[in-house]
Structure formats: C-alpha cells, structure tokens
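Written out below as structure tokens is the structure these notes cover.
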Amino acid sequence: MMIEWLQPGFMQNALLGGLMVSLICGLLSVFIVLRRMAFVGAGISHAAFGGVALGFLLQVDPFWTGLAFSILVAFLIEVVQTRGRVEEDTAIGIFFAVAMAVGVLFLHFSRTYNADIFGVLFGNILAIGPQQLWQVTGVTAIVLLFLLFFYKELVFLSFDEEMAWVCGVPVQAVRYLFLAVLALVIIVAIYLVGIVLVSALLVIPAAVARNLTRHIQTMLVVSTSMAMAANLTGLALSYQIDLPSGATIVIILAGFFFLASLWERRKKAGRNRD
Amino acid sequence: MGTAAVSIKNVTVSFRGEVVLEDISVEIAAGSFVGILGPNGAGKSTLLKVILGLIQPDVGEVLIFGQRPRKLRGRGQIIGYLPQRPLTNPHFPVSALDVVLMGRYGLLGIGRRPSRRDREIAQKLLAEVGMAAQAHSIIGTLSGGEQQRVFIARALSVEPRLLIMDEPTISLDACAQDELYELIHQLQEQMDLTVIMVSHDIGAISGHVGDIICLNRRVYVHQPPPIGRLGLEKTFGCSVEYLFHGEIPHRVVRVHDD
C-alpha cells in the first residue's frame with residue numbers, strides 16, 4: 001500500500017510538521033528570491049547554531065534560545081547595514097561566523113557531543129514530538145497572519161523600497177518584521193532539514209516557481225506546491241529505502257529546479273524558432 | 001497669493017562631508033511646470049529627494065504646500081513621484097495594473113486590500129496614459145515608453161497636487177519623448193497639477209516647461225525660456241553646443257577667446 005509508511009505515529013508527526021514547514025517556506029521563499037535575500041537566510045540559519053548550542057548548555061528548549069539568537073543576529077545585520085558602514089554581505093559573513101564560533105564554545109562547555117547536534121545540523125524530522133508539532137503549528141499561524149496583513153506592503157517593498165517609502169508604506173517596520181518572521185521559519189525548518197540545508201527550502205521552491213510562472217500570485221501557489229510535494233515524496237522515499245529525510249527532500253527539490261529550468265529553456269527555444 | 005507648492009529655504013545637504021547642495025532657496029508656485037536643469041552630479045536627484053522627504057537637509061527648511069515633507073507622507077498623499085529608474089528588477093512578476101495599484105497601498109494602510117474603487121481609479125489612469133489594453137501585461141514585457149506611462153499612472157494614483165519626475169525621458173526615443181511631454185501637459189491641465197521635472201537634456205526641457213531652475217550645487221533661476229547661453233554655461237561649467245531657442249533647434253556656436 002502507498003500509505004503504509006504513514007502507519008507509525010512518528011511518521012504522521014513528521015508528515016504533518018513537514019507539510020506545515022514546507023507551506024511557510026514555500027510562501028516566504030518567494031519574497032526571499034524577489035528581494036534577493038538568499039544569503040541573509042543562510043546567514044540567519046547558521047547564526048541559529050549559536051542559539052541552539054546555548055540551549056544545550058543551559059539545558060532549555062533550543063527552540064527559544066535558537067530563536068532569540070537568530071532574531072538578534074538578523075536585526076544586527078539590518079542595523080549595521082542601514083547605518084551604511086558595512087556592506088550587507090560582509091556583515092552577514094562576519095555575524096554568522098561569529099555566532100557559529102560562539103556555538104562551538106557553548107557546546108564545548110556543555111560537553112554534549114551527541115546525536116542531537118547532528119540532528120540540528122542536518123535535520124531529524126522523525127524526532128518531531130508533540131511539543132515540536134505545537135511549535136511548528138504556532139509559527140505557521142504567525143507566518144500566515146503576517147502574510148495576510150502585510151502581503152501588499154511586502155510586494156511593494158520587494159518591487160521598489162524607496163517608492164514604497166514615498167507612498168507612505170512603513171518600510172522600516174516591515175523590514176524588521178520580515179526578518180523576525182524569517183528567523184521563526186528558519187528555526188522550525190531546522191527540525192525538517194537542519195541548519196546547513198535550511199537555505200535550500202528558503203530558495204529553491206521560489207526558484208522553481210519563477211521558471212514556471214509569470215505572476216506573483218501563481219508564483220506563490222507553485223512555490224508552496226513544490227515545497228510540499230518535495231516534502232511528501234522525500235519523506236516517503238526516505239522511509240522506503242532508508243535515507244536521511246532532510247537531505248532527500250532537498251535533493252528532490254533540486255531535481256524539480258533542474259526540470260523547471262529545462263522546461264523554461266525549451267519554451268524559450270520554441271518561442272525563438274517561431 | 002496662496003501658499004507656494006514648494007518652498008525651499010537655505011537648504012544645504014552634504015554626504016560624508018562633501019557638500020552636494022549649498023544654500024538652496026527656491027519657491028515654486030502652485031500650478032507651474034518647472035524644469036530643473038543641470039549637469040551630471042549637480043545634485044538634481046538629491047534636491048528631489050529633499051522635497052520628497054527621503055533626505056533630510058543638514059540646514060534649512062522645506063515646505064510642501066506649507067507642510068514638512070515627512071509629515072505629509074502617508075497622510076492623504078500630496079506628491080506623486082516618478083523615480084529615475086522605476087523598474088529596478090526587470091523580471092519582477094507583477095502586471096501594469098498591480099504597479100499602478102501600488103501607488104495606493106500607502107493610503108490604504110496595513111491589512112487592507114485594494115477595493116473596487118482603487119481598481120477603478122487605477123484602470124482609469126491606465127486609460128488616461130493610453131495603457132488600458134496592457135493592464136494585465138507583466139511590467140517587464142512592456143517597452144520602455146510603455147513602462148514610463150505605467151509609472152506615471154502610478155505617480156498619479158495617489159491623486160497628487162504635485163508631480164515630481166526624475167529624468168522621465170532618459171530612456172525614450174525622440175518620438176516617445178514628445179508623446180510623453182504632450183501627455184504630461186494634458187494631465188497637468190486636467191488634474192490641476194504642479195509639475196517639477198529634472199533633466200540634463202537642455203534641448204528637450206527648454207521647449208516644454210514654464211520656468212527653469214539651473215542647478216549645479218547652487219541655484220540659478222531663469223524665468224521663461226529661452227535661457228541665455230551665459231546662464232547655462234554658468235550652470236554646466238562648460239560650453240553649450242546645442243540649444244533650442246524658441247521653435248527651431250539650432251546650434252549655438254561658441255565664441256572662442258583666441
């Protein structure tokens with residue numbers, strides 16, 4: 001049976017959590033790609049490592065310490081960059097390396113070199129328990145509300161920030177809110193694919209959708225569909241042939257991107273021939 | 001006399017210690033069509049940004065219809081703005097209609113979607129700039145001239161009293177430039193607008209606007225065109241080769257000293 005892999009309780013948790021994470025990643029990735037923030041996403045996710053390690057050291061839920069750390073680093077990057085003293089990519093490069101280094105020190109002091117850390121780095125979706133599921137549900141609700149309220153402001157900001165300001169959009173507030181929401185999404189996406197692979201979920205779905213669509217609304221739909229489809233097939237496949245699920249999901253997404261690029265190229269070639 | 005549309009008093013702006021605008025004082029009367037002329041790097045765009053409130057001057061005061069620019073922002077928009085490069089990402093996935101609607105986002109406020117009335121206003125403006133048929137085309141697929149019309153419609157979608165344009169003709173061919181000027185004159189009359197236009201193209205601007213402000217860090221005001229060669233040379237700091245005087249464009253031969 002197809003749904004045989006869904007029998008165990010942990011698989012149901014994994015599927016539910018995974019689908020919610022891919023839903024919000026699919027939505028957010030559109031704005032990350034349009035605002036060219038891929039590196040910001042990668043920077044924040046790596047910075048989260050410092051926070052997660054702090055959780056291990058203090059023996060509290062790494063969700064909260066990781067979240068606090070990512071938001072802090074995201075805001076620091078924003079402040080340094082808007083002051084105009086340092087380029088954005090330089091700021092990210094410095095902050096996330098320092099946050100990770102601090103994380104390594106925290107781990108050293110906590111003396112927990114265990115499997116948990118591998119899970120944090122590369123994802124361990126099968127370990128999603130009821131508590132994590134609640135966290136994912138809460139974050140999903142916040143992200144959906146945020147997009148519901150700020151959708152048009154986000155689109156305008158992504159299109160032309162200066163013009164959005166001139167037209168009376170509270171640009172600075174929306175920028176900070178977006179970063180905070182991004183940090184939230186990254187923290188729960190870590191359950192699914194781990195720190196190292198989070199940026200794949202934040203970039204590839206929208207990159208696929210960009211090749212297949214022309215309008216932002218269809219782009220949002222295709223992006224989330226791709227993320228959820230990759231999650232579903234990735235989980236099933238990793239269960240059937242015993243592969244690490246996070247990595248499997250990312251590789252399937254990359255496959256989608258490859259196919260979408262081929263399709264786009266053929267379409268263009270066809271148009272040129274006409 | 002009513003309040004001036006724009007009143008700039010003793011404004012100085014500097015970036016990282018370098019003075020870009022020096023002690024600028026200008027009054028622009030409501031209902032006029034003013035061209036700001038000057039060479040590259042003269043501070044033309046900076047002056048516009050000061051008027052918009054994007055840049056705060058180090059010294060001096062700016063009043064738009066008697067109010068400070070930053071206070072005006074978002075509260076019943078008064079200024080419509082056409083930036084120099086309005087399409088920063090040519091592949092951005094939105095339609096012409098979406099772009100015009102964006103102009104109304106600030107007025108709508110957070111959490112509210114454009115209403116039927118907003119859509120009607122946007123459609124009407126697209127029709128006025130002659131782009132009704134392309135309302136649902138993706139912005140990047142339109143030609144440069146068509147895009148410029150869409151962005152003018154967006155600037156007007158806030159229902160402004162003051163329209164500010166930064167080099168609106170820069171990427172257009174001669175034919176499209178003339179059409180654009182005609183369109184702006186027509187809209188100015190229809191909507192009772194004050195128009196400020198920045199350009200470095202002497203020929204184009206002097207044939208179309210009322211007053212000319214020559215800017216090169218400082219300000220030189222000329223009432224009606226044609227402007228004398230000497231005045232322009234003072235602004236540009238070099239000899240002026242081509243000029244429009246009245247109706248017919250012709251070359252001004254510089255008198256050499258030797």
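Just one of the numbered conditions (1) surrounded by fewer than 20 Cβ atoms within 10 Å (Cβ to Cβ); (2) touching a Ser or Thr at 6+ places or on another chain (Cβ under 6 Å); (3) closer than 30 Å to residue B:97 by Cα is not true of residue A:202; which one?
(1)
Please pick out the residue among A:197, A:253, A:235 that is under 25 Å from residue A:10 (Cα atoms) and either surrounded by fewer than 20 Cβ atoms within 10 Å (Cβ to Cβ) or touching a Pro at 6+ places or on another chain (Cβ under 8 Å) (or both).
Selected residue: A:253, the only one of A:197, A:253, A:235 that is under 25 Å from residue A:10 (Cα atoms) and either surrounded by fewer than 20 Cβ atoms within 10 Å (Cβ to Cβ) or touching a Pro at 6+ places or on another chain (Cβ under 8 Å) (or both).
Take the stretch B:16-50 and flag every residue that is at pLDDT below 85 and of a type in the set (A, V, I, L, M, F, W, C).
Of everything in the stretch B:16-50, those that are at pLDDT below 85 and of a type in the set (A, V, I, L, M, F, W, C) turn out to be B:37, B:42.
If I ask for residues that are within 8 Å of another protein chain (Cβ to nearest Cβ) and not small (Gly, Ala, Ser), which ones from the stretch B:74-86 would you list?
B:75, B:77, B:79, B:81, B:83, B:86, listed by residue number.
Take residue A:100 and decide whether it is surrounded by fewer than 22 Cβ atoms within 10 Å (Cβ to Cβ), in contact with a His (Cβ under 6 Å, 6 or more places away or on another chain) and under 28 Å from residue A:137 (Cα atoms).
Yes.
Specify the residue that is surrounded by the fewest Cβ atoms within 10 Å (Cβ to Cβ); the eligible residues are those in the stretch A:131-147 that are touching a residue at least 24 places away in the same chain (Cβ under 8 Å) and within 14 Å of chain B (Cβ to nearest Cβ).
Result: A:144.
Has the stretch A:190-207 got any residue that is of a type in the set (Gly, Ala, Ser), within 14 Å of chain B (Cβ to nearest Cβ) and in contact (Cβ under 8 Å) with a residue 40 or more places away in the chain?
Yes: one or more hits.
All but one of (1) closer than 28 Å to residue B:187 by Cα; (2) more than 13 Å from chain A (Cβ to nearest Cβ) hold for residue B:71; which doesn't?
Unmet for residue B:71, out of (1) closer than 28 Å to residue B:187 by Cα; (2) more than 13 Å from chain A (Cβ to nearest Cβ): (2).
Tally time: how many residues in the stretch A:166-180 are assigned to a helix (DSSP H, G or I), in contact with a helix residue (DSSP H, G or I) (Cβ under 8 Å, 6 or more places away or on another chain) and either among the small types (Gly, Ala, Ser) or buried (at least 21 other Cβ atoms within 10 Å of the Cβ) (or both)?
So the answer is 3.
Residue B:50 - would you say it is in contact with a Gly (Cβ under 7 Å, 6 or more places away or on another chain) and either assigned to a helix (DSSP H, G or I) or under 21 Å from residue B:200 (Cα atoms) (or both)?
Spelling it out, it is not the case that residue B:50 is in contact with a Gly (Cβ under 7 Å, 6 or more places away or on another chain) and either assigned to a helix (DSSP H, G or I) or under 21 Å from residue B:200 (Cα atoms) (or both).
Just checking, does the stretch B:19-39 include any residue being without any contact (Cβ under 8 Å) to a residue 40 or more places away in the chain and β-branched (Val, Ile, Thr)?
no
Hey, among A:150, A:95, A:69, which residue is assigned to a helix (DSSP H, G or I) and within 14 Å of chain B (Cβ to nearest Cβ)?
A:150
With surrounded by 14 or more Cβ atoms within 10 Å (Cβ to Cβ), within 14 Å of chain B (Cβ to nearest Cβ) and small (Gly, Ala, Ser) as the only criterion, which of A:22, A:29 stands out?
Answer to the selection: A:29.
Which one of the conditions (1) closer than 15 Å to residue B:149 by Cα; (2) of a type in the set (S, T, N, Q); (3) at pLDDT below 65 does residue B:235 fail to meet, given that it meets all the rest?
Exception for residue B:235: condition (1).
Looking only at residues that are closer than 15 Å to residue B:194 by Cα and surrounded by fewer than 22 Cβ atoms within 10 Å (Cβ to Cβ) in the stretch B:119-165, which one is farthest from the other protein chains (Cβ to nearest Cβ)?
Step by step, filter the stretch B:119-165, then rank; the result is B:161.
Tell me, which residue of the stretch B:93-123 that is of a type in the set (Lys, Arg) and in contact with a helix residue (DSSP H, G or I) (Cβ under 9 Å, 6 or more places away or on another chain) is modelled with the highest pLDDT?
Out of the qualifying residues, it is B:119.
Within 12 Å of chain A (Cβ to nearest Cβ), among the small types (Gly, Ala, Ser) and either crowded, with 18+ Cβ neighbours inside 10 Å or in contact (Cβ under 8 Å) with a residue 24 or more places away in the chain (or both): is that true of residue B:103 in this structure?
yes
The values are calculated or read from the model by the stated rules, or taken from the named source; none is laboratory data. As the structure is a prediction and not an experimental result, all values here were calculated from the model. So basically every Cβ, Gly included, is an ideal-geometry build from the backbone, and we count neighbours across all protein chains shown.
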